[in-house]
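Asks: Sending over a structure as structure tokens; questions will come in a sec.
The values are calculated or read from the model by the stated rules, or taken from the named source; none is laboratory data. Only a predicted model underlies this, so the values are computations on that prediction, with no experimental measurement involved. Here the Cβ is made from the backbone with ideal geometry for all residues, glycine too, and neighbour counts use every protein chain on show. For accessibility, only protein heavy atoms count, side chains too; no ligands or nucleic acids. Shrake-Rupley method; radii C 1.70, N 1.55, O 1.52, S 1.80 Å.
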Amino acid sequence: MQTSPSPPSFDQKTKQATAVKADSGQYLTLRLGDEDYAIDIMRVQEIRSYEEPTRMANSPSFIKGVINLRGVIVPIVDLRMKLNISKVDYTEFTVVIILKIKGAVTGAVVDAVSDVVTLDAEMIKPAPQFESAIDSRFVLGLANVGERMLIVMNMETLLSNAELGMAA
């Protein structure tokens, strides 16, 4: 007697429906603390050296302030603070990546940028789901490139207006 596989449970269906799949393409690799991360290069508008932004009253601690970028006021988010990564000093390698996400422009402070890599969707494996400092909604997956393990980030979720506590 042949049995058919049982249908996925409700929890499995929910996880499958909410999982965001990383696409094949080019990714900018960057450093935060001791870890290497990757973000979709199509979200990157420019990379700038770090300059002290103008602090905004009553903003969350991970929002360093704002800068005027050619007439556009851009909030600057320190990704180390947003992701609860141990504080690292600002150095000559510290940069701000200007990102365009869902029509909004946001700056992300990172320790350093490395290079651009091409990742196939098959190379990006699901990240294990466990309690950690980094919310799993912000991680699309993990990819091995040579000796490096890259954490592929979901910048649309990480830097959404709701996550930053900003009005749409």
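Asks: If the Cβ limit is 8 Å and pairs must be 6+ apart or interchain, which residue in the stretch 80-91 that is in contact (Cβ under 8 Å) with a residue 40 or more places away in the chain and under 24 Å from Arg137 (Cα atoms) pairs with which residue that is basic (Lys, Arg) and assigned to a loop (DSSP other than H, G, I, E, B)?
Replies: Partner pairs satisfying both residue conditions: Arg80/Lys87.
Asks: Could you please tell me which pairs satisfy a Cβ distance under 9 Å, a separation of 6+ or placement on different chains, a first residue in the stretch 100-116 that is within 17 Å of Ile73 (Cβ to Cβ) and among the hydroxyl-bearing types (Ser, Thr, Tyr), and a second residue that is open to solvent by 50 Å² or more (accessible area, probe 1.4 Å) and assigned to a strand (DSSP E or B)?
Replies: Thr106/Lys100
Asks: Give me the pairs: first residue in the stretch 15-40 and part of a loop (DSSP other than H, G, I, E, B), second residue open to solvent by 50 Å² or more (accessible area, probe 1.4 Å) and at pLDDT 90 or above, beta-carbon distance under 6 Å, and six or more apart or on different chains, which are they?
Replies: From the stretch 15-40, the pairs are Ser24/Asp120.
Asks: Suppose the filter is within 25 Å of Glu147 (Cα to Cα), open to solvent by less than 30 Å² (accessible area, probe 1.4 Å) and of a type in the set (S, T, N, Q); does Thr94 pass it?
Replies: yes
Asks: Which one of Asp89, Asp115, Asp78 is surrounded by fewer than 14 Cβ atoms within 10 Å (Cβ to Cβ), of a type in the set (Asp, Glu) and modelled with pLDDT of 90 or more?
Replies: Residue meeting the stated conditions: Asp115.
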